[in-house]
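J.: Quick one: this structure, given as structure tokens, is what I'll be asking you about.
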Amino acid sequence: MNSVEHLLEKRFSLHTLDEQINIKTLIRPMPDLKKTRQFTRTFTKDTYTKYNNWLCGCNKRNTIFCFPCLLFGGELLWTKTGMTDLNHLNDRMKKHDLTVKHMNTTLNLATLGKTNVLSMLDSGYRRGIELHNEKVFNNR
């Protein structure tokens, strides 16, 4: 359920809230990836954690993705196509890390499954109005 391939086939938003929280709690997919051209360049598990906490990979497609953007939507390169150019990976990661869309998806992932403060405030406000109305009607 927590593979990039699965997430590409079934959008994250189509999962139930319990499934979404389960996907969040599972470790993001971080397989070793290999690229072969004139020489072999290896992308190891150390690379996932050395530079940031959002890279994930798909060993079936041999590509790198952004885990929060893969879940909540973002740039095609990081959500559908996948990054294959290891020579320019650092530059692309730095640029992606500063985009508003990426920051929003990272925030969405961090708050997924947490208590919704706005709904708590809203329900507290409504309860306060109910108590006020009860006092008004009881004092008539």
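Only the coordinates and a few stated rules stand behind these numbers; no lab work does. Remember, it's a predicted structure, so these values are computed and weren't measured experimentally. Virtual Cβ from ideal backbone geometry, glycine too; neighbours counted across all protein chains shown.
J.: All other residues with a Cβ under 15 Å from the Cβ of Leu8 taken together, and with Lys, Arg as +1 and Asp, Glu as -1, what is their net charge?
T.: Local net charge: +3.
J.: Also, quick follow-up: Taking a ≥ b ≥ c as the square roots of the Cα gyration tensor eigenvalues, with a/c under 1.5 meaning rounded and otherwise prolate when a/b beats b/c, else oblate, which class fits region 4-115?
T.: On the way: a/c = 1.99, a/b = 1.61, b/c = 1.24.
Judged from the Cα gyration tensor, region 4-115 comes out prolate (a/c at least 1.5, a/b above b/c).
J.: A follow-up question, please. Using θ = phi - 60° and the Karplus curve 6.51 cos²θ - 1.76 cosθ + 1.60, what whole-Hz ³J(HN,Hα) does each residue of region 75-84 get, with Gly and Pro shown as x?
T.: 4, 4, 4, 9, 10, 10, 6, x, 8, 10
J.: Would you list which aspartates and glutamates come within 18 Å of Lys114, measuring only between C-alpha atoms, while excluding same-chain residues fewer than 8 positions from it?
T.: Lys114 reaches Asp18, Glu19, Asp122.
J.: Of Gly82, Leu71, Leu17, which is farthest along the charge dipole of region 4-115 in the positive direction, counting Lys and Arg as +1 and Asp and Glu as -1 at C-beta?
T.: Result: Gly82.
J.: Any idea what the dipole of region 4-115 comes to, in debye rounded to 20, about its Cα centre with Lys/Arg Cβ at +1 and Asp/Glu Cβ at -1?
T.: Details: 18 positive and 10 negative charges, 56 e Å.
Roughly 260 debye for region 4-115.
J.: Among the listed pairs Lys10/Lys95; Lys60/Lys80; Lys45/Lys94, which are separated by more than 24 Å between their Cα atoms? Before the final figure, lay out the partial values.
T.: Working: Lys10/Lys95 27 Å; Lys60/Lys80 14 Å; Lys45/Lys94 19 Å.
The pairs that break the limit, which is 24 Å between Cα atoms, are Lys10/Lys95.
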